[in-house]
Amino acid sequence: MPILNRALPTARSRQAEPSALLRVHDARIAEGIRGATPAEAATGFRLAPPASPARANLFQTCASPTCSSGWLKLLRSRSTPCFEGEWCCSQACLRTLIETALRRELDACSAGGETHNHRIPLGLAMLEQGWITSAQLKGALEAQRSAGAGRLGYWLIHAVGVSEQLVTRALCIQWSCPVLNADFHDADGLALLVPRLFVDAFGALPLRAAAGRILYLGFEDRLDNVLAFAIERMTGLRVECGLVATSSFRPAHDSMLRAAFPPVELIEACSEAVLADALARTVERTRPVDSRLVRVHDCFWLRMWLRPQTGAIPAPDSVRDVIASSRTH
């Protein structure tokens, strides 16, 4: 499983290339759906608030379209387990819903195809703004060529003395995003929003949640819109991405990795069918009040809420995560 194998042994893994389909769309796209977030406009459906309390009804029926006995199970709780807002009467019915969700995520990724982002090179962007000279750009390129490694921004700072702030601003021009800061970063509070594995593997830094509606997500030198889109779908928060200067990003990111994240289970399956079985067993065993599945690059993220939530950020010990992968994808 590429993501898991890459992320676990290292202290700071770099990000994978974003997939075309799962990029967060420009806010103007959302105008086609009144009040829709970019994620809702991208998928064409609205996102339900996570972990809303299930209706405990004696005569509530199973959500699985293939179930023919859910109403007969009078002694089974009608409030848990729930998957994406729907109650299921058995592990077999959970498996049916999870299989549908897996196909949805895979089909959505396939439908997006491959696109190429043509961004102006960093050196040219800075020349255009008048922030560096041709001699400085040439010196940085020569230093990069001699070392055989390192990004141009690093060599602009360390070889020819360009300020870090200017390099960060130029990177933001490349990615069409704002410069964010890590002031007043609450690592322990924000760690409840995203699995530690994603923070590590994709170089993500949740910075702050504003008014319980917007999550500011920082990166060091490039955005990961796939991860941002997955977090937006999972939490219901609108995710705004930006870049953070390296001198601020790295201490905050290290602090984030030391925070207390929700418990996580890692699953690798040999096929989609086996993966659906494993996830259904996990949901049946945990019996969450709600759960949801989204895709993040080459893996799937299942989050389970153990009790109803009162805000956008889960309460401590109220969520469990599963990160899963199938060898066939």
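A few comments on the model shown:
- Residues (in a loop (DSSP other than H, G, I, E, B) and either in contact with a Phe, Trp or Tyr (Cβ under 7 Å, 6 or more places away or on another chain) or more than 23 Å from Ile267 (Cα to Cα) (or both)) located in segment 292-313: Arg307, Pro308, Gln309, Thr310, Gly311, Ala312, Ile313
- Residue selected from segment 204-247 under the condition over 14 Å from the mean Cα position of the chain (by Cα) and of a type in the set (Asp, Glu), by the criterion farthest from Leu156 (Cα to Cα): Glu220
- Of the listed requirements (1) in a helix (DSSP H, G or I); (2) under 25 Å from Asp290 (Cα atoms); (3) in contact (Cβ under 8 Å) with a residue 60 or more places away in the chain, Leu193 misses just one: (1).
Yes/no per residue for (1) out of contact with any Ser or Thr (no Cβ under 7 Å at 6 or more places or on another chain); (2) under 22 Å from Ser90 (Cα atoms):
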position	(1), (2)
Pro262	yes, no
Ala278	yes, yes
Glu284	yes, yes
Val289	no, yes
Leu293	yes, yes
Val296	yes, no
Pro314	yes, no
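- Qualifying positions in segment 319-329 - in a loop (DSSP other than H, G, I, E, B) and in contact (Cβ under 8 Å) with a residue 60 or more places away in the chain: Arg327, His329
- Cβ-Cβ under 6 Å pairs, at least 6 apart or on other chains, segment 240-255 side assigned to a helix (DSSP H, G or I), far side surrounded by 18 or more Cβ atoms within 10 Å (Cβ to Cβ): Thr246/Glu220; Ser248/Ala182; Phe249/Glu220; Ala252/Ala182; Ala252/His185; Ala252/Leu205; His253/Leu205; Ser255/Ala187
- Any hit, segment 274-283, residues being part of a helix (DSSP H, G or I), at pLDDT 95 or above and polar (S, T, N, Q): yes
- Test for Leu190: is it under 16 Å from the mean Cα position of the chain (by Cα) and closer than 20 Å to Phe229 by Cβ: yes
- Only listed residue being within 16 Å of Leu171 (Cβ to Cβ) and aromatic (Phe, Trp, Tyr), chosen from Phe198, Phe219, Phe202, Phe229: Phe219
- The set of residues from segment 186-225 being among the β-branched types (Val, Ile, Thr) and crowded, with 24+ Cβ neighbours inside 10 Å comprises Val194, Val199.
The values are calculated or read from the model by the stated rules, or taken from the named source; none is laboratory data. Because the structure is predicted, anything quoted here is derived from the model rather than measured. Here Cβ is always computed from backbone atoms with ideal geometry, including for glycine, and neighbour counts include all displayed protein chains.
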